[in-house]
1. Taking residue 137 as the residue in question, decide whether it is under 12 Å from the mean Cα position of the chain (by Cα) and in contact (Cβ under 8 Å) with a residue 40 or more places away in the chain.
2. If we keep just the residues of region 53-73 that are surrounded by 23 or more Cβ atoms within 10 Å (Cβ to Cβ) and in contact (Cβ under 8 Å) with a residue 40 or more places away in the chain, which is nearest to the chain's Cα centre (by Cα)?
3. What number of residues within region 182-235 are over 18 Å from residue 161 (Cβ atoms), in a helix (DSSP H, G or I), free of Cβ contacts under 8 Å to residues at least 40 places away in the same chain and under 21 Å from the mean Cα position of the chain (by Cα)?
4. Suppose the filter is surrounded by fewer than 14 Cβ atoms within 10 Å (Cβ to Cβ) and more than 22 Å from residue 218 (Cα to Cα); does residue 187 pass it?
5. Could you tell me which of the residues 81, 53 is more than 20 Å from residue 205 (Cα to Cα) and assigned to a helix (DSSP H, G or I)?
């Protein structure tokens, strides 16, 4: 879509392309609107079965399903397939949001609900809109893109705060050290920004963190609804009428002067 170099017809074609973009949003919203609480899991499409991160993703998918969450991935191979497989085998709902890429040929066999997208930005909207949490496993540029977009949305309060978990300390620790020793030291981020995510290799800890934060946010939301209902009720109640008893203030007769 962004490649307009050397195309004389780009104005006409891009105007009509907006309809295709709109159709992807409509399909995504319509297909995913009734999902149960779900967690988006990101990671490399190049991860091979039997590796440490594959096993971690598969166990994570199963644990999330047992905790009552669906699992949303990019629907491709690697970490995505492992997470979908773990979820499906544990009886959870396995969701795949595919993208047209040279090394991701169709959705993996463990996807129950699947959509294929052409545009990355439409797909990423669905990852955010329909997830209660993000879990990021080792991956490449695409995984980093998804992770930092999630952190940016939370940091800038463009979305309701939700848990972000980074799994694979052997992979992410160097990046986190750089965030602390370079980015934070240079004033580009604050100490509170390093608290926007949880780093762990323990599947149970990751799921517990998601469940706890989810419960905390639900409690905050219910309290906000209760306050709003109380305020609305107070606003609609009639104002109290003064008693006409002995305490009534006497009226002074008008004497012609103001």
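1. Details: under 12 Å from the mean Cα position of the chain (by Cα): no; in contact (Cβ under 8 Å) with a residue 40 or more places away in the chain: yes.
Here the answer is no, as residue 137 does not meet what is asked.
2. 72
3. So the answer is 1.
4. Numbers: surrounded by fewer than 14 Cβ atoms within 10 Å (Cβ to Cβ): yes; more than 22 Å from residue 218 (Cα to Cα): yes.
So residue 187 fits the description; yes.
5. Values: 53 fails: more than 20 Å from residue 205 (Cα to Cα).
Of the residues listed, the single one that is more than 20 Å from residue 205 (Cα to Cα) and assigned to a helix (DSSP H, G or I) is 81.
Computed from the coordinates by the stated procedures, all read-outs in this text should not be read as laboratory data. Bear in mind the structure is a predicted one, so any value in this text is a computation, not a measurement. So basically every Cβ, Gly included, is an ideal-geometry build from the backbone, and we count neighbours across all protein chains shown.
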